[in-house]
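What follows is one structure encoded as C-alpha cells, with my remarks underneath.
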Protein chains: 2
Amino acid sequence: MKPDHTLQRPARIDLPRLLRRIAALAEVGAIDGGGVCRLALTDEDRMGRDLVVSWMRELGLSVSIDGIGNVVGVRAGQEDLPPVMTGSHIDTVRTGGRYDGNLGVLAGLEVMAALDDAGIATRRPLAVAFFTNEEGARFAPDMMGSLVFQGDLPLQQALDTRGIDGTTVGENLARIGYDGPAPAGQNRVHAFVELHVEQGPVLEHEDVTIGAVTGVQGIHWTEFTVEGTSNHAGTTPMRLRHDAGIVAARIACFVRDLTRELGGAPLATVGQVQFFPNLVNVIPNRAVFTVDLRNTEGPVLADAVQRTLAYAMDVAKAEGVRLSHRTLADFAPVAFDEGVVARVESIARRHGHSVRRMPSGAGHDAQILARMCPAGMVFVPSVAGLSHNVAELTHDHDIQAGADVLLDLMLELAA
Amino acid sequence: MKPDHTLQRPARIDLPRLLRRIAALAEVGAIDGGGVCRLALTDEDRMGRDLVVSWMRELGLSVSIDGIGNVVGVRAGQEDLPPVMTGSHIDTVRTGGRYDGNLGVLAGLEVMAALDDAGIATRRPLAVAFFTNEEGARFAPDMMGSLVFQGDLPLQQALDTRGIDGTTVGENLARIGYDGPAPAGQNRVHAFVELHVEQGPVLEHEDVTIGAVTGVQGIHWTEFTVEGTSNHAGTTPMRLRHDAGIVAARIACFVRDLTRELGGAPLATVGQVQFFPNLVNVIPNRAVFTVDLRNTEGPVLADAVQRTLAYAMDVAKAEGVRLSHRTLADFAPVAFDEGVVARVESIARRHGHSVRRMPSGAGHDAQILARMCPAGMVFVPSVAGLSHNVAELTHDHDIQAGADVLLDLMLELAA
C-alpha cells in the first residue's frame with residue numbers, strides 16, 4: 001500500500017499486524033520450545049531475509065543490499081537528506097528466541113506501515129535495516145554487518161572471514177544471493193535508533209516498561225590458564241601442593257568480591273572452567289577458565305582488569321603454579337547520544353510508561369552506528385531476563401509500548 | 001630350588017633378581033613411557049598372573065587360588081600355624097606404573113627366595129599373596145579381592161559386579177581361568193605386612209627412606225550439584241544472579257582454608273568440576289564438583305564433612321541456588337597394629353635407614369587384612385610423589401631398603 005499523504009492523522013502502531021510478522025518470521029528456522037535457529041548466512045537466514053525483504057517491498061520501501069548483505073529499506077522523505085534509520089538483525093544464535101533482533105527490524109517495518117496508514121510524510125527519509133551477522137555465532141566478529149556498514153571493518157576482510165564450519169562469509173553470501181551491489185562503508189545516516197529486548201532482568205525486576213539506553217558497557221574477557229602439578233589427593237600434604245584448581249577458585253571469588261568495591265555498574269562472571277585431569281582424587285595440574293568483566297565506566301573497567309591480573313599473579317605465586325592469560329575481547333564502553341536518550345525518556349513518559357535510564361549489557365548494532373551519527377536504543381522487558389534461549393519472551397503490551405516509543409522517536413528525529 | 005635348611009646363614013635380598021622380576025612383570029601390558037596397563041581380569045592381567053604364579057611354583061610355594069581369583073603362595077613353616085602373610089596386587093590403573101602393588105608381591109617372592117638361599121626355615125608358614133582388583137579401575141569397589149578374602153564382601157556379590165565395560169567379575173574370572181577352588185572368606189592369617197611405594201612426596205621431600213605406616217587415613221568424597229539460573233553475563237546485575245559457579249568456587253576455597261584449622265593430617269581436594277552451559281558470557285546454571293576430604297582422625301574428618309556441608313548450604317542460600325549432594329565414598333580411618341609399626345621402625349633403624357611414622361593417603365589391601373589380624377605396611381619413596389602414572393619410579397636402593405625391612409619383619413613375625 002502506497003502512503004496517501006493527503007489523509008494525515010495520528011499514526012498508530014497496529015499491534016496484531018506486528019505480532020503476525022513476528023510469528024511469521026519465527027516460523028523460519030523454528031526449533032522446539034518456540035525458539036529459532038537462523039545462524040547467519042544459512043538457508044534459514046536466506047528464507048528469513050526473503051520474507052522481510054518481501055514485506056519491505058509490500059510497504060513500497062526502496063530496498064538496497066550492500067556487499068556484506070546488509071539490507072536497507074528506505075521510505076522517502078520530503079527532502080533528500082540522510083535518513084533517520086532504525087533496525088537491528090534477524091540472524092539468531094543456535095538456540096535463539098524470536099524477539100532478539102527481529103523485534104527491532106519488524107517494529108521498524110511497523111513504524112513505516114503505521115505512517116502509511118496515517119498518511120504521514122516525514123521531512124527526512126526513514127530507513128529500516130537489518131545487518132548481517134550481528135550474533136557472531138557462526139562468524140567472528142559479531143556486529144560484522146554494522147561494522148562494514150559504518151566503515152571500520154573493510155568489506156574484503158569481512159568476506160574472507162571463515163566460520164565455524166570452515167566456509168567464508170563471502171561464499172555463503174554469494175550462495176544465498178545476498179552479496180548485493182550497494183556500496184558498503186560510505187553511508188550517511190542522520191540518526192540511528194534501535195528497539196531491542198533488554199535480554200536482562202532489570203526492567204522486569206523493577207516493573208519498568210521502557211529502558212532509555214545510555215550506552216553499552218565496556219567488556220573485557222580474559223582466559224586464564226593455570227599450570228600446577230597433578231598428584232594424588234590422598235598422599236600429597238597440603239603444603240606440597242601446586243593445585244591449579246584452587247587458584248581458579250580463588251580468582252573466581254576475587255572477581256565476584258571485586259564488584260562490591262568498584263564504581264560504575266560492575267559485572268564479573270566466571271562462566272567457563274575446565275580442570276585437568278578432572279578426577280575426584282587427583283590434584284588438578286591444569287585449570288583453564290574465563291573471566292568476563294564489564295563496566296559502564298572505561299577507567300573503572302581498566303582498573304578491574306588490572307586488579308584481577310595482579311591478584312591472579314599473587315595467588316599463583318603463593319601456590320607455586322604458572323599462570324598465563326590472554327585477552328579474548330576488549331571493548332571500550334560506548335555512550336549513546338544524550339539528545340536521543342532524553343527523547344526516549346520524554347516520549348515514554350508522554351505515553352504514560354515508566355522509564356529508566358540504563359546501560360546495555362550486550363553488544364548491539366546501535367553501538368557501531370553511534371560512531372557515525374547520533375544513536376540510541378529503546379529497551380523493553382525480557383521475561384525472567386531470558387535471551388539466547390528458546391524461552392525468550394517479551395509480553396505483547398511491552399512490544400506495543402516499545403513500538404509506540406520507536407514511532408514517535410523516528411518522527412521527532414525526522415522532523 | 002628347594003630350601004636346604006641345613007645350610008642356614010643370614011638371609012640377604014638379591015636386588016638384581018628382584019629388579020629382574022619387576023622388569024619382567026612390567027613387560028606384560030607395557031605402555032609408552034615405561035608404564036603398565038593391566039586392568040583387573042583382562043588378558044594382560046591373566047598373563048601377569050601366569051608369570052607370577054610360575055615364579056611361585058619355581059620357589060616351591062604351595063599355590064592356591066580362591067573364588068575371587070586371589071592367589072596365595074605358601075612356604076611351609078616348622079609348625080602348622082596360620083601364616084605370616086605379605087602381598088599386594090598386580091592389577092594396575094589404565095596408565096599405571098610398574099611399582100604400585102607389583103613391588104609388594106615381588107618383594108614377597110624375593111623374601112622367600114632369600115630364605116631359601118640362606119637355608120632358613122621359619123616356625124610359622126610364610127605366604128605371599130596377590131589380591132584381585134585392588135585398583136578398582138575396572139570394577140568397583142577397589143580392594144575387592146582382599147575384601148572377599150577377609151570375609152566382609154560376599155563372594156557372589158563380588159562375582160556379580162559389572163565393570164565399566166558391562167561384563168561381570170565372574171565371567172571375566174572364568175574367562176582368564178582364575179576362578180579358583182580355594183574357599184574365600186574363611187582364611188586365618190597370623191599377621192599381614194605389605195611393602196608398597198608411598199605414592200606421595202613426603203619421604204622424598206624429607207629425605208627419609210622408610211615409612212612405618214601407622215594406618216590409612218579416612219576418606220570422604222562428596223559430589224555437590226549446584227543449580228542456579230543461566231543468564232547473560234552482560235545484562236544481569238550482580239544482585240539478581242543465582243550463579244552456580246561462584247558457589248562451587250566458594251566451597252573449593254572453604255575446604256582448602258579449612259585444612260589450616262583442623263587437627264590430624266587434613267587433606268582437601270576439589271579435583272573435578274563441570275559448569276553448564278560452560279560459556280564465557282553465560283552465568284552457570286549448574287555446577288557439579290567433588291570434594292575429597294581425608295584425615296587420620298575419624299572425628300576430625302566427620303567434623304570437616306559437617307562443616308563443609310553447613311558452609312555449602314549457607315553459601316547456596318545466600319546466592320539463591322539449590323544445592324544437593326551425595327556421598328561417593330566414606331571410609332573410616334584404619335589404624336595398623338602398634339606392634340607391627342614399632343617393628344618396622346626398629347628394623348629400619350637396625351639397617352641404618354632413616355624412618356618416619358606416617359599415615360597412608362591411599363587405600364591398600366593391608367587395611368582390609370587389618371580387620372582379621374595384626375597388620376602393617378612399609379613405604380618406600382616415590383620419586384616426585386608420582387603414582388598412577390607411567391613415570392612412577394622408586395630408586396633401586398630404596399627397593400633394596402624396603403625389601404630388607406620386609407624380610408626381617410616377616411622373619412620376626414614368623415618366629
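FYI, it's all coordinate maths here, none of it is from the lab. Everything numeric here is computed off the predicted structure, so don't read it as measured data. In this analysis, Cβ positions are derived from the backbone assuming ideal geometry, glycine residues included, and neighbour counts consider all displayed protein chains.
How big is the antiparallel share of DSSP beta bridges in the protein assembly as shown, given as a percent to the nearest 5? Mind dumping the intermediate values first?
Values: 90 of 132 bridges.
In the protein assembly as shown, approximately 70 percent of DSSP beta bridges are antiparallel ones.
Between rounded, prolate and oblate, where does segment B:7-93 land on the alpha carbon gyration tensor, with a ≥ b ≥ c its root eigenvalues, rounded for a/c under 1.5, else prolate if a/b exceeds b/c? Oblate.
Ascending distances from the residue B:188 label point to its copies in the other chains, with the point 7 Å along the Cα-to-beta-carbon line: 10.8 nm.
Looking at chain A, send over the antiparallel percent of its DSSP beta bridges, to the nearest 5. Don't jump to the answer; show the numbers that get you there.
On the way: 45 of 66 bridges.
In chain A, DSSP labels about 70 percent of beta bridges as antiparallel.
Taking beta carbons within 10 Å but only from partner chains, what does the mean come to for residues B:261-270?
On the way: counts 0, 0, 0, 0, 2, 2, 9, 4, 16, 10.
Mean shielding count: 4.
Comment: the Cα-to-Cβ extended label point of residue B:307, at 7 Å, lies 2.9 nm from its counterparts in the other copies, nearest first. Compared with the direct C-alpha span, the chain from residue A:175 to residue A:188 gains 1.8 nm at full extension, assuming 0.36 nm per residue.
Once you compute Rg and the Kirkwood Rh from C-alpha atoms, what is the Rg to Rh ratio for the protein assembly as shown?
Working: Rg = 36.0 Å, Rh = 30.9 Å.
Using Cα coordinates only, the ratio equals 1.17.
Taking the centroid of alpha carbons for each part, segment B:256-317 and segment B:107-135 are 43 Å apart.
Name the long-range amide H neighbours of residue A:63: under 5 Å, sequence gap of 5 or more, or other chain; modelled H, no Pro or chain starts. Under 5 Å from the amide H of residue A:63: A:74. The slack between residue A:165 and residue A:356, meaning 0.36 nm per residue of separation minus the straight C-alpha distance, is 64.6 nm.
Averaging the Cα positions of each part gives two centres, and for segment A:237-252 and segment B:25-51 these lie 34 Å apart. Beta bridges assigned by DSSP with both partners in segment A:1-145 are antiparallel in approximately 70 percent of cases.
For residue B:162, the point set 7 Å out from Cα toward Cβ sits 4.4 nm from its twins in the other copies, listed from shortest up.
Please report the relative contact order for chain B, taking Cα pairs under 8 Å with a sequence separation of at least 6, and give it as a percent rounded to a whole number. Reported relative contact order: 22 percent.
For residue A:54 and residue A:15, a Förster radius of 25 Å and the Cβ-Cβ distance give a FRET efficiency of 0.75, rounded to the nearest 0.05. Within chain A, the proportion of Cα pairs with more than 31 Å between them is 43 percent. Across segment A:12-77, C-alpha contacts under 8 Å between residues 6 or more apart give a mean separation that, scaled by the residue count, equals a relative contact order of 17 percent.
In debye, nearest 20, what is the charge dipole magnitude of the protein assembly as shown about its Cα centre with +1 on Lys and Arg Cβ and -1 on Asp and Glu Cβ, if you could check? For this selection, approximately 580 debye.
Mind checking which helices in chain B clear 15 Å along their axis (Cα) and have mean Kyte-Doolittle hydropathy of 1.0 or more, DSSP H runs only?
Working: long enough: B:15-26 (16 Å, 0.83); B:43-58 (22 Å, -1.07); B:102-118 (24 Å, 1.05); B:244-258 (21 Å, 1.39); B:298-319 (32 Å, 0.30); B:338-350 (18 Å, -0.08); B:396-414 (27 Å, 0.55).
Qualifying helices: B:102-118, B:244-258.
Ranked by the mean number of other Cβ atoms within 10 Å of their residues, highest first, the peptides B:355-365, B:182-192 fall in the order B:355-365, B:182-192. What you get for segment B:218-331, charging only the Cβ of Lys and Arg (+1) and of Asp and Glu (-1), is a dipole of about 320 debye around the Cα centre. Based on alpha carbons, the Rg and Dmax found for segment A:218-331 are 14.7, 48 Å.
Averaging sequence separations of C-alpha pairs under 8 Å and six or more residues apart, then dividing by the length of segment B:218-331, give the relative contact order as a whole percent.
45
The rotation axis taking chain A to chain B passes closest to the C-beta of one chain A residue; that residue and the distance in whole Å read A:249, 2.
How crowded by other chains is B:223-232, given as the mean number of beta carbons from other chains within 10 Å of each beta carbon? It would help to have the intermediate numbers written out before the result.
Numbers: counts 1, 0, 0, 0, 0, 0, 4, 5, 12, 14.
Shielding by partners across B:223-232 averages 4.
Given +1 at the Cβ of Lys and Arg, -1 at the Cβ of Asp and Glu and no other charges, the dipole of segment A:241-394 around its Cα centre is 120 debye to the nearest 20.
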